[in-house]
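> What follows is a structure written as structure tokens; I'll ask about it next.
Values in this text are rule-based calculations from the coordinates and carry no lab data. The shown structure was predicted, so the numbers you read here are calculated from the model rather than taken from an experiment. Here the Cβ is made from the backbone with ideal geometry for all residues, glycine too, and neighbour counts use every protein chain on show.
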Amino acid sequence: MKKDRVFAEKKDRVEPFVFNREVTAVFDDMLKRSVPLYNESIQRQAQMTLEFFQEKTKIYDLGCSHGNLGILIAGQFKNTPFSMIGVDSSLPMIDKYKSRLGRVVNSLGIVLVCSMLEDIVIENASVVLINLTLQFLDLKKRDGLIKKIYDGLLPGGVLLVTEKILHTDSPINNLEQEFYRRFKRENGYSELEISQKRDALEKVLIPESPDVHKQRFLNAGFSSFDIWLKWFNFASMIAIK
Ligand SMILES: C[S@@+](CC[C@H](N)C(=O)[O-])C[C@H]1O[C@@H](n2cnc3c(N)ncnc32)[C@H](O)[C@@H]1O
């Protein structure tokens, strides 16, 4: 696994974060060292996908990156046919995902699309996953995307969303941010790396509170909601139609 050193050297100017070739090359190390409980979260999402999948329907993995979640989902289905559309706006990520598919046993059902989430049609879906990606969407576009997903899901269909979150109560928010910095330090990131990455993400990754997410799901029409996994400022949520 190539080590993430994207923010290790002092930069004269910190540019907004992008999922380019440099990030794609070190993405697994970045996820491992900056997303608490990442493996647990995607493993359970893959299992829930199998649980909620309805025959002859589609799975959508929105912001699929280079396929960690999609490949786990394919593994859950073993030899059972399924249809999954992976969408990502980063061509380096999609290219890397494609290059990994040759080694995936049950990969025939996976179609990869390089597109903005806002531009895709969701239809005949039983499972939609948005793992660590809604947070990158323009705030004004989030209600519309969740409503579009709701409309494209069949009854009993599920939406799984994992996000970096904010707490509205500031002492708790400060605690959560401090424990997140601690997690990064424990994983070998320097203070310079932590602060340069925070600057790069500042206007690009806009977290919201779990209450805001919940209200958006309920407004769209979802009838059941839960936070099934939480670690300080990260939450994995489920909404059922
Ligand atoms: C943190 S990564 C997602 C990680 C991935 N879901 C996983 O499970 O490993 C966010 C991804 O969302 C993509 N992305 C961000 N905004 C997007 C948009 N508006 N449309 C499509 N993809 C987007 C980025 O290119 C990036 O690959």
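> Using label points projected 7 Å from each Cα along Cα→Cβ, tell me how many nm separate residue 121 and residue 43, to one decimal.
If labels sit at residue 121 and residue 43, their model points lie 3.9 nm apart.
> Now a separate question. Sort the chain into rounded, prolate or oblate with this rule: let a ≥ b ≥ c be the square roots of the eigenvalues of the Cα gyration tensor; rounded if a/c is under 1.5, and if a/c is not under 1.5, prolate when a/b is larger than b/c, oblate otherwise. Mind dumping the intermediate values first?
Numbers: a/c = 1.78, a/b = 1.28, b/c = 1.39.
Verdict is oblate for the chain.
> Tell me the Kirkwood radius of segment 59-162: reciprocal of the mean inverse pair distance over distinct alpha-carbon atoms, in Å.
Details: mean 1/r = 0.0721 Å⁻¹.
Result for segment 59-162, one decimal place: 13.9 Å.
> Further question on the same structure: What order, most packed first, do the peptides 211-222, 42-53, 124-135 have when packing is the mean number of other Cβ atoms within 10 Å of each residue?
Order by mean packing, descending: 124-135, 42-53, 211-222.
> Using alpha carbons only, how many angstrom separate the centre of segment 59-73 from the centre of segment 82-104?
8 Å
> Please report the net charge: other residues with Cβ closer than 9 Å to the Cβ of residue 166, K and R +1, D and E -1.
Numbers: positive: 164; negative: 176, 208.
Once all neighbours under 9 Å are counted, the net charge is -1.
> Compute the angle between helix 139-152 and the longest alpha-carbon principal axis of the chain, please, reported from 0 to 90 degrees and rounded to the nearest 10.
20 degrees
> Still on this structure: Express the relative contact order of the chain as a whole percentage, based on alpha carbon pairs under 8 Å and six or more residues apart in sequence.
Working: 412 pairs, mean separation 53.1, N = 241.
Dividing the mean separation by the residue count of the chain yields 22 percent.
> Let me ask something else. Once both labels are modelled 7 Å past Cα along the beta-carbon direction, what's the residue 14-residue 32 spacing in nm?
It is 2.5 nm.
> While we're here: With axes computed from alpha carbons, what is the tilt in degrees of helix 68-77 against the longest principal axis of the chain, rounded to the nearest 10 within 0 to 90?
It is inclined by approximately 30 degrees.
> Calculate how many DSSP beta bridges within the chain are antiparallel, expressed in % of all such bridges and rounded to the nearest 5.
Numbers: 14 of 35 bridges.
Of those bridges, close to 40 percent are antiparallel.
> Report, in degrees rounded to the nearest 10, the 0 to 90 angle that the Cα long axis of helix 38-52 makes with the longest principal axis of the chain.
10 degrees
> Sorted by average packing, counted as other Cβ atoms within 10 angstrom per residue and highest first, what order do 173-179, 10-16 take?
Per-residue Cβ counts within 10 Å, averaged per peptide and sorted highest first, yield 173-179, 10-16.
> A further question on this structure: Connecting C-alpha atoms closer than 10 Å in a GNM of the chain, tell me which of 112, 192, 153 has the biggest fluctuation.
Taking springs between Cα atoms under 10 Å, the residue moving most is 192.
> Another question, then. Among 33-39, 74-80, how do they line up from the highest to the lowest mean number of other beta-carbon atoms within 10 Å? Could the numbers behind the result be given before it?
Working: 33-39: 17.1, 74-80: 14.0.
Order by mean packing, descending: 33-39, 74-80.
> Now a separate question. Can you tell me how segment 113-237 classifies by the Cα gyration tensor, rounded, prolate or oblate, using a/c under 1.5 as the rounded cut? Display every interim value, and only then the final one.
On the way: a/c = 2.31, a/b = 1.74, b/c = 1.33.
Prolate, because a/c is 1.5 or more and a/b exceeds b/c.
> When Lys and Arg each count +1 and Asp and Glu each count -1, what net charge do the other residues less than 13 Å away from residue 233, Cβ to Cβ, add up to? The partial results should precede the final answer.
Values: positive: 164, 181, 182, 184, 198, 230; negative: 163, 169, 176, 178, 208.
For residues surrounding residue 233, the net value is +1.
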